[in-house]
Amino acid sequence: MKTRLTCLFILAVISPPVDGQWIQRGALKKVTQQNRSEVLLECTRGSVLLSFLSPSMIRVRCQESPVFAPVPSFAVLPAVRKPPLLARQGDLSFESTCSATGIPGISVTINPRTGAISYSGGAAHPFLEEDPRTSAVRADGRASRVWMKLPGDEHYFGFGEKSGPLSKRGCAVTHWNTDAYYYGSGTDPLYQSIPFFLAIRGGRSYGLFLDAPERSSFDMGSQERDTFSFGAASSTLDYYVIHGPGPKEVICRFTELTGRMPLPPHWAIGYQQCRYSYFPESRVREIAREFRKRRIPCDALYLDIDYMDGFRCFTWDREKFPDPKKMIRDLNDMDFSIVVMIDPGIKAEKGYFVYDQGVEGDHFVKNPDGTLYKGRVWPGDCVFPDFHREATRRWWGTLYKGLLETGVRGVWNDMNEPSVFNGPGGTMPLDVVHRAWGKEMPHAYCHNTYGMQMVRATREGILALRPGERVFVLTRASYAGGQRFAAGWTGDNRSYYEHLEQSVPMVLNWGVSGQPFCGPDVGGFTGSPTPELLTRWIQMGSLLPLFRNHTSKNTRDQEPWVHGKPYEDINRRFIELRYEMLPFLYSLFREAAETGVPVARLPLLEFPGWEPALKPYHANQFMVGSDLLVSPVVRIGETTWPVCLPEGKWFDFWTGLKRDSDGKRFKVDAPLETMPVFVRAGAVIPMQAVVQHTGEKPEGALILRVYPGKEKRVFPFYEDDGISYAYRKGEYRITGLSATLEKKASVFRVEYVRGKLGPRRGACVVKVFDIDRKPGRVTLNSRELEGWKYDTHQKCVEVAVTSLESGMTIRVQIGE
Ligand code: MIG
């Protein structure tokens, strides 16, 4: 009794984040190994089920009762893993071992007095430990929470789409999808909810995913210095502890659990131009013509809500767009893909076919009294599809038929938090009834997954109607695992430097959270950027995964040419860079689709122990793949810029010149026409000549930039048809490229060629950098080459080859 009182006293003093009394699970009463891979802990006032899913992953469920029913999940895919072997060591410890390799995995130890669990993975100390408060359910059963120890030197990343600092140590975040119009760096929550974080400490890493669709929150040391906690508005908690030890391994495992981005169509990784809204038809055509006339590359144009007839989804305003089919055909002929907006709010109006069909098929969410729930959005009073219901998703999918027949290629789903103008808190009342897994579920449970289920319906519908072609869907709201269905953008940012600056940390943390295909509205949504700001944003966007310029109503035009010279030229140059980099970027998209490791990376993913990366002023440095480090200029009027590179050999991307980094920050010249980009030694960067859109065949050869390094890394250069699913049947080509330093020679090698596709491109120019003076000898497969060139400025040797065959080796002799 005494200890219990003390505990309650402690709990009262440290004021838990939600009102009400917490009931801790308390001391351990019984431990049972239930089967090959599950351990049940029964404590005085609560139970925990530990399911060892793989040697690196444990699912943890906390609730009052020791009987655990299966719980379906929107995020987690059906398991394909083989559970590990579990060995009990003494009374209070379990160790998992990979059944195939025998390598030890995570082990857990339970403190009998407090019931606290600690998780270890190979190292001497546990990587994660529960605080003595362990887990608790609130007395009214409406909230649960877990408390963990917060090590002094641990940092946290991820949490999905979040503004604010890069490292979330010291921050508290909430997950509740919100239409956060006009948000700032302190606004939380935003549009999407991914209750996942990646912890990095001394180069080692683990992840934690709280699979709670309800409102949830994480406090990473904002209330208490030595504790972090997380919880949800639910009487049970269901979370996953994922061990690395490296951060990329954690992301790989988290996305094995929740799924990965399908490979997007090639056109969707080109430059995209949007505005709220382009109309009428003549304006859309004019924009398209301007791009081609000014030779500014572009792949996609967007139609925002004004293309619709009175904001009725799946209709056209025939005054603004008298013949959409012909317009789109003409735009397709100019090699533009058209993406259109579709919102969830369906105008409640008899005679409007979507409303009529939906009523007929019982497809809309309801009030608790069984009447249709109505809320106000753009079209006026609206009803909302019940996307959690399979039949409704199927119906919703069929609605895209007309748009696809009109020639639309991609779809943009917005307002799906869902945003409701006259709803409480800007959304539906929490008791609105949805149907999920055949059961009636309140909005409080379905809120955070509403957008995700909408884009699931959209994606699956388009795929069913147009099976041979990859799908591009862009969404504002989503939940963990949403990367399986749609790309994301950071919503309504503003045309301020502050928003330019926060773009990178947002994209990086989102990438850590399993969503590799995301980006900000380039130029900012609300307001109008100055010429300099727009140019800086285009520079940054050129190397972010989603590269889309967008602006609101009543703002000045924001296309790359509007500010005249010299801005237009600089903007063009960086959009061209995007297209020159396509072979490299597309390879990284494929890597993200295969492994979940994002395209734009937190530098710590590549250099987990690199301390300076944690300094706030380096929060906008990002890596593109393993090899490029970009340090975009994000402040007004700057013409020099601080860069910090991990120790080792790097190259200036623009000049080709070497920079040996001692790990300290240095300043580089960064006038408006440049953005600092560095390449890591050991890289091979495949590039191509500028094209005006992704479908254009580049003139001239593939260009391989080779930067030899001591350690061998193989870059998997990926090619396929860019649009179909034939790659799933082996119709692709992966060429493994390496750049190493050997004794007295810099060596470029084709390590392997995989896939059924023949060479996609003919000739190829290999540029080997870091050659200080004209070399004596250059060989191709040991035969001495004639016709190579030496560039004294860039210090590189240029060799032309006819194709890339497996085993091909170019050796540039350096020194005697
Ligand atoms: O309340 O469709 O974030 O990108 O242009 C505004 C109009 C609704 C919000 C989106 C924005 C889009 C706008 N939408």
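The values are calculated or read from the model by the stated rules, or taken from the named source; none is laboratory data. Small disclaimer: the values here were computed from a predicted structure and weren't measured. For neighbour counting, all protein chains shown are included, and Cβ atoms are generated from backbone atoms with ideal geometry for every residue, glycine included. For the accessible areas, the whole protein counts, side chains as well, though only heavy atoms, and no ligand, DNA or RNA atoms are used. Shrake-Rupley method; radii C 1.70, N 1.55, O 1.52, S 1.80 Å.
Which condition number in (1) surrounded by fewer than 20 Cβ atoms within 10 Å (Cβ to Cβ); (2) within 19 Å of the chain's Cα centre (by Cα) is the one that Lys664 fails?
Lys664 satisfies every listed condition except (2).
Of all residues in the range 474-492, how many are away from the ligand (no atom under 16 Å from the Cβ), under 11 Å from the mean Cα position of the chain (by Cα) and not in a helix (DSSP H, G or I)?
Number of matching residues: 2.
Scan the range 328-341 and give yes if some residue there is within 29 Å of Gln273 (Cα to Cα), open to solvent by less than 10 Å² (accessible area, probe 1.4 Å), away from the ligand (no atom under 16 Å from the Cβ) and in a loop (DSSP other than H, G, I, E, B), otherwise no. Don't jump to the end; show me each part of the working.
First, the residues of the range 328-341 that are within 29 Å of Gln273 (Cα to Cα): 328-341.
Still in the running and open to solvent by less than 10 Å² (accessible area, probe 1.4 Å): 328, 331, 336-341.
When the remaining residues are screened for being away from the ligand (no atom under 16 Å from the Cβ), the result is 328, 331, 336-337.
Okay, now just the ones that are also in a loop (DSSP other than H, G, I, E, B), so 336.
Within the range 328-341, one or more residues are within 29 Å of Gln273 (Cα to Cα), open to solvent by less than 10 Å² (accessible area, probe 1.4 Å), away from the ligand (no atom under 16 Å from the Cβ) and in a loop (DSSP other than H, G, I, E, B).
Looking only at the range 779-804, how many residues end up being under 21 Å from Lys658 (Cα atoms) and not aromatic (Phe, Trp, Tyr)? Explain how you work it out, then say what you get.
Here is the first cut: in the range 779-804, the ones under 21 Å from Lys658 (Cα atoms) are 789-799.
So of that shortlist, the ones also not aromatic (Phe, Trp, Tyr) come out as 789, 791-799.
The number of residues fulfilling the criteria is 10.
Considering Arg260, Arg215, Arg253, Arg283, which residue is farther than 27 Å from Pro545 by Cβ, away from the ligand (no atom under 16 Å from the Cβ) and either open to solvent by 10 Å² or more (accessible area, probe 1.4 Å) or charged (D, E, K, R) (or both)?
None of the other options fit; the residue is Arg215.
Counting only residues that are within 17 Å of Leu500 (Cα to Cα), give me the helices (runs of 4 or more DSSP H) lying completely in the range 544-645 with at least 2 of them.
Fully inside the range 544-645 and qualifying: 567-580.
Test Ala600 against the stated conditions and say whether it is open to solvent by less than 10 Å² (accessible area, probe 1.4 Å) and under 22 Å from the mean Cα position of the chain (by Cα).
The answer is yes for Ala600.
Look at Ser495 and say whether it is open to solvent by less than 30 Å² (accessible area, probe 1.4 Å), within 16 Å of the ligand (Cβ to nearest atom) and either free of Cβ contacts under 8 Å to residues at least 24 places away in the same chain or under 22 Å from the mean Cα position of the chain (by Cα) (or both).
So Ser495 fails the test.
Limited to the range 363-373, what total is found for residues that are outside any strand (DSSP E or B) and over 24 Å from Met308 (Cα atoms)?
Total satisfying the criteria: 5.
Which one of the conditions (1) out of contact with any Gly (no Cβ under 6 Å at 6 or more places or on another chain); (2) closer than 22 Å to Tyr183 by Cβ does Leu605 fail to meet, given that it meets all the rest?
(2)
Out of all the residues in the range 347-370, is one or more under 29 Å from the mean Cα position of the chain (by Cα) and within 16 Å of the ligand (Cβ to nearest atom)?
Start the filter on the range 347-370 by keeping residues that are under 29 Å from the mean Cα position of the chain (by Cα), which leaves none.
So far as the range 347-370 goes, no, none of its residues is under 29 Å from the mean Cα position of the chain (by Cα) and within 16 Å of the ligand (Cβ to nearest atom).
Just give me the residues in the range 632-643 being buried (at least 18 other Cβ atoms within 10 Å of the Cβ) and touching a Leu at 6+ places or on another chain (Cβ under 9 Å), in sequence order.
Within the range 632-643, Pro632, Val633, Val634, Val643 meet the criteria.
Report yes if some residue within the range 573-596 is touching a strand residue (DSSP E or B) at 6+ places or on another chain (Cβ under 8 Å), in contact (Cβ under 8 Å) with a residue 60 or more places away in the chain, of a type in the set (Lys, Arg) and open to solvent by less than 10 Å² (accessible area, probe 1.4 Å); otherwise report no.
no
Yes or no: Gly461 touching a residue at least 40 places away in the same chain (Cβ under 8 Å), closer than 19 Å to Thr315 by Cα, buried (at least 22 other Cβ atoms within 10 Å of the Cβ) and touching a Gly at 6+ places or on another chain (Cβ under 9 Å)?
Here the answer is yes, as Gly461 does meet what is asked.
Considering only residues of the range 374-431 that are in a strand (DSSP E or B) and surrounded by fewer than 16 Cβ atoms within 10 Å (Cβ to Cβ), which is farthest from the ligand (Cβ to nearest atom)? Please lay out each step first, then the result.
Taking the range 374-431 and keeping what is in a strand (DSSP E or B), we get 375-377, 380-383, 385, 410-413.
From the residues that got through so far, the ones that are surrounded by fewer than 16 Cβ atoms within 10 Å (Cβ to Cβ) too are 376, 380-381.
Working: Arg376: 12, Gly380: 14, Asp381: 17 Å.
Going through the qualifying residues, I end up with Asp381.
Please work out which residue is nearest to the chain's Cα centre (by Cα), limiting yourself to the range 498-531 and to residues that are away from the ligand (no atom under 14 Å from the Cβ) and polar (S, T, N, Q).
Filtering the range 498-531 for residues that are away from the ligand (no atom under 14 Å from the Cβ) and polar (S, T, N, Q), the one nearest to the chain's Cα centre (by Cα) comes out as Gln515.
Among what's in the range 251-287 and is part of a helix (DSSP H, G or I) and in contact with a strand residue (DSSP E or B) (Cβ under 6 Å, 6 or more places away or on another chain), pick the residue that is farthest from Ala79 (Cα to Cα).
Step by step, filter the range 251-287, then rank; the result is Trp267.
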